Each structure stands twice: as C-alpha cells, then as structure tokens.
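Right, one structure below, let's go through it.
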Amino acid sequence: MRAAAFTSLGGPDGVEAIDVPEPTVGDGQALLRVRGASVNRHDLLYLQGDFRLRENHLPFVSGVDVAGEVLDVDESVERVAPGDRVVLSPMMTCGTCQYCRDGPENYCERYHLFHGGFAERVVVDADRLVVLTDDVDLVAASTLPVAYMTAWHMLRRADVDAGDTVLIPGATGGVGVAATQLVAAMGARSICTSTSSSKLDALGVHGGDHRIVVEDAEMLPDAVAEFGPVDAVLNHLGGPFTDAGLATLRRGGRMVICGRTADRYSTFDTQDLFLEHKQVLGSTMGTQADLERVVRFVEAGQFDPPVHETYDLEEAHQAFADMENRDVVGKLVVTP
Ligand SMILES: NC(=O)c1ccc[n+]([C@@H]2O[C@H](COP(=O)([O-])OP(=O)(O)OC[C@H]3O[C@@H](n4cnc5c(N)ncnc54)[C@H](OP(=O)(O)O)[C@@H]3O)[C@@H](O)[C@H]2O)c1
Ligand SMILES: [Zn+2]
C-alpha cells in the first residue's frame, strides 16, 4: 500500500509517497481505511529534525490524527466492528503507572503518540477508537484529536467558565482555531491574534469575538489592554509570548502553555507573577474523554472544524510547505 513518508529530515522536500508493507491486525487491534489524517506542527517539527526523530528512524510515516472506516478487527475486539466510522485517540499509555491509575491519563510516565496516519490503511488499538455518527465528516473528524482535544484540555486546566475572557495568541492555526471555537461553544469571550489581517478575517467566520493584528510579542500587552485584563491565556507559541501574555492577565489569572512554536525558552517577570497571584501551567494533549467531548460538540452542530486544504499522498509534501509558509487558517488534511 502507499504512504507519505519522511525519507530525509529538514523540510517538505523530504516527504515522499512510497510503498510500505500492508498492515494486519494483532491482539486488540483494528484495521482502518484512512479517510483523513490531519497535519499538526508536531509532524512538521519531526520533519525538521527538531523533535525526537533522527535519520536512523527513516523512512518514517508520521500522522497522529486519523479518522476512517473500520475494515477488520482482531477476534478479541468488541468496541468496534467492520463498517464503523471512527476517529482515533492517538494517546498510547501504559495503563499501569501511578499516573495511569490516578489520572488524568495524559500524565502517563510512558506516554507517547501514535504515528502512521499518512497511509492508506493503519492498524490501531481498538480501545482508542471513538465511534462517530453518520453526519460527522471523516475529514473534519481527523482534525479533532491533537488540536481540539489539546485546546479543550487547556481550557479545563485554565478553569475557564462561561463569561470569562480568553486570550489566544496565534489563533489561526490548529490549536488556535480549535481554542477559538471551543471558547465560543462554552459561552466565553475570545481575543484572537495573528500577524495577518486577512487570516483574522477568515477566522471571523468561525468565531473570535475580538480579532487583532499583533505583529510581535512586544505589541501584545498594549493591543489587548483595551479589552481589559483577561482571565486566561492559551499559549501555544511560547518564547516572548509568555512574558507578554502574562502582562495581559488579571490578578489570579491563569496561563496554560502547550507549545513552543515561537521559541522553547521564555523569560518572564517573576515579581509580576507572585505579586498578582498569577499561575503558569503546562499541558499536553488531553484524555480520551476530552476527545469524546469535542466529538459530541461537533455531532451536536455547535461548530464545524475548518479544513483549509486537503492533499492526496503524492501531494503531502505541499501540506508541510503550506504550514511552514503560515498561509493557513484551520487545519490541513492528508486524504489517502
Ligand atoms: N503539548 C501538546 O500536547 C500539543 C498539542 C498540540 C499542539 N502543540 C504545540 O502547539 C503549537 C501549535 O500547534 P498547531 O498544530 O496549532 O500549529 P499551527 O497550526 O502551525 O499554528 C499556526 C499558528 O501559529 C502562529 N505562528 C507560526 N509560527 C509563528 C512564529 N514563529 N511566531 C509566532 N507565531 C507563529 C501562526 O500565526 P500567524 O497567524 O501570525 O501566521 C498561527 O496562528 C505547536 O508548537 C505544537 O507543537 C502541543
Ligand atoms: Zn502510564
């Protein structure tokens, strides 16, 4: 079968469609026909050689977010059956460490992610599948696990409530648009930033109560000040956006960080933090229950996840180029 694999590290030229062995089900597994595998910055960081993946792992088929139809299941599987339409919760947990036993499961000390979705078929752990109703589009469903589950878990970590104001720096990408739509769905107010006014216009179709152009982190506190101190900042950019975001928080406000697109390291004013009782929290992914919750939002018609562009396996390299060029609002999806 065909798959889009990383055959060299560095950039989009290293993504090629190749032949790979046909997968078959093992104990507790299901075989899926992949209809959508969305692209995350995580895949781009892997491709750039910036996170964990090394030359000796190549060729490597990435793709964490998978939705499709069940083709076959191992005889031990009861959760799903051939013909079911499903989305994968890509979290692999050990089930036995103190964090798995105590929860939440995304704290697992042997936590890692499923990879392999940029392929025609995949085998996955059947327990990690969420069954979809017929009216949820499979391409749209493939946008939900990493971006929406992570954003939802961050909103929970930040204890956001209806009526709160949430700042989302860099609101036009996967996590950013997901956060914008989820904030609206829960009755809170969002302040969304981007370097691009046209991308903010496009975001407006999906939500974003206040959409402001912020060209660099230094501009952020003044640009946000007119809307008053915010209750929470969802920070997936890191770098200078941490200090700048902290300056926008009300006393006792909370910042949740899940990423480092701008930079891995942040310097911030600890005095402002302690005198104003602010909190900075880290967060990674979410729980399978979080994914089920965001699936239910979509099933209930509370929002549609925007798919900016789809690519077949031969064109998958272009998805990575488009993400690098920042010319995207919402998600990019490989449709094998
Ligand atoms: N820990 C976790 O579980 C987890 C889960 C999901 C994502 N993440 C992390 O969260 C981040 C976002 O992921 P994503 O998939 O949503 O990425 P994405 O779709 O590529 O995010 C695009 C957004 O990032 C902004 N951006 C891109 N490069 C930037 C830069 N150099 N400086 C400032 N802003 C920049 C863009 O701003 P413009 O609109 O101005 O172009 C856009 O709003 C990544 O760092 C990812 O690794 C972590
Ligand atoms: Zn564990």
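Values as computed for the structure displayed
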quantity	calculated
Out of ASP222, ASP201, ASP231, sole residue that is more than 20 Å from the chain's Cα centre (by Cα), part of a strand (DSSP E or B), away from ligand 2 (no atom under 16 Å from the Cβ) and outside the structural domain of MET323 (by TED's automatic domain parsing)	ASP231
Residues satisfying the stated conditions in the stretch 148-195, i.e. among the charged types (D, E, K, R) and on the phi < 0 side of the Ramachandran plot	ARG156, ARG157, ASP161, ASP164, ARG189
Subset of the stretch 175-198 that is assigned to a loop (DSSP other than H, G, I, E, B) and under 16 Å from THR261 (Cβ atoms) - its residue that is nearest to ligand 1 (Cβ to nearest atom)	THR195
Residue check for SER190: within 26 Å of ASP161 (Cβ to Cβ), among the hydroxyl-bearing types (Ser, Thr, Tyr) and in contact (Cβ under 8 Å) with a residue 24 or more places away in the chain	yes
Selected residue (criterion: farthest from THR335 (Cα to Cα)) from residues of the stretch 27-85 that are of a type in the set (Phe, Trp, Tyr) and not in a loop (DSSP other than H, G, I, E, B)	TYR46
Of residues in the stretch 127-186 being crowded, with 24+ Cβ neighbours inside 10 Å and without any contact (Cβ under 8 Å) to a residue 40 or more places away in the chain, the one farthest from ASN235 (Cα to Cα)	VAL183
Any hit, the stretch 53-61, residues being at pLDDT 95 or above and under 15 Å from the mean Cα position of the chain (by Cα)	no
Selected residue [out of contact with any Leu (no Cβ under 9 Å at 6 or more places or on another chain), closer than 29 Å to ASP159 by Cα, within 16 Å of ligand 2 (Cβ to nearest atom) and assigned to a loop (DSSP other than H, G, I, E, B)] from GLY301, GLY286	GLY286
Residues (crowded, with 18+ Cβ neighbours inside 10 Å and without any contact (Cβ under 8 Å) to a residue 40 or more places away in the chain) located in the stretch 279-308	HIS308
Residue list for the stretch 253-283, restricted to those being within 13 Å of ligand 1 (Cβ to nearest atom), in a loop (DSSP other than H, G, I, E, B) and touching a Gly at 6+ places or on another chain (Cβ under 9 Å)	CYS258, GLY259, ARG260, THR261, ALA262, ARG264, SER266
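The values are calculated or read from the model by the stated rules, or taken from the named source; none is laboratory data. Keep in mind it's a predicted model, so treat the numbers as computed, not measured. Using ideal geometry, Cβ is built from the backbone for each residue, glycine included, and neighbour counts are taken over all protein chains shown.
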